[in-house]
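Computed from the coordinates by the stated procedures, all read-outs in this text should not be read as laboratory data. The model shown is predicted, which means the values in this text are computed figures rather than measured ones.
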Amino acid sequence: MIESAEATARVAGDGIYRLHGAPDNANFVVRMVLEELAVAYEFVSVDRASGEQKSETYRKLNPQGLIPVLEVPGQDAVTFETGAILLMLSERHGVLAPDPVSPARGRFLKWLFFISNTLHADLRISFKPHRYMPETACMPDLNAALRSRIDASFAILEQELAALEGPFLLGADLSCLDFYLAACARWAQIYGTCGRWPADGCPRLMELFAQLEARPSIQRACEHELIEGAPFTAPMPVAFAREKL
Ligand SMILES: N[C@@H](CCC(=O)N[C@@H](CS)C(=O)NCC(=O)O)C(=O)O
């Protein structure tokens, strides 16, 4: 993470990334990737406790009032949506994703969209189910449906890892998908109202996560995000209570 004006000056060309977020929110995914890319960035803290993400000022960055936002040098608008940010970063730096004309591109895109619009989207509902189901009597049904959908998504990803013989979701090559998937697996084990994802039923995913935990980039990201211990294989909620995700 950028700490000084001197470090800012090292940033290639046209400026510096600026990541808006709060500990262990979806910015964690983006931060892991920025750390892996070894680019300088500033972190702008968003105060979830006071609902800053819903403020008029923050909504100018993301009208949904959601975290994360990434300000990208040279762009005429900020980027929001975790999946879009990952795609933007991998394209700008030419790493952590197969080349657009490579045979693996379709595989990359389908899993990126699957993680973003199915797995992550279902997790989001499990964190705030009352937003989707005001009727408390129906909450057990919603939670049961979420439990089965989330488990099924991880099972599909486990199958893909087995088919490609890992160690990463795209096989031999690490990609930004691995970071996104690992964060979702973390949250699925410690947050949400529909029970915990039973990770030990997916041994290949756990092997992948153990490998990721050894990466210095992820260790640095965890430190900045106040995440202690093994973030994916034995996750613990961040130390202070918060408005989760
Ligand atoms: N689809 C969005 C979801 C982002 C999201 O769920 N952000 C959460 C934090 S992890 C948030 O801002 N929650 C605040 C709220 O719902 O008010 C993305 O991928 O960026």
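Semi-axis lengths, largest first, of the ellipsoid equivalent to the chain are 27, 24, 17 Å, with √(5λ) applied to each eigenvalue of the Cα gyration tensor. Derived from the Cα gyration tensor, the three semi-axes of the equivalent ellipsoid of the range 5-93 are 21, 13, 13 Å, largest first.
Here the range 105-215 is treated as an ellipsoid with the same Cα gyration tensor; its semi-axes, largest first and in whole Å, are 27, 14, 11.
Helix screen, the chain: DSSP H segments with Cα axial length of 30 Å or more and mean Kyte-Doolittle hydropathy at least -1.0 are 139-164. Which of the aspartates and glutamates could a cross-linker span from LYS54 if the Cα-Cα distance has to be under 17 Å and same-chain partners fewer than 8 positions apart are dropped? The reachable aspartates and glutamates, counting only those whose Cα sits under 17 Å from LYS54, are GLU81, GLU243.
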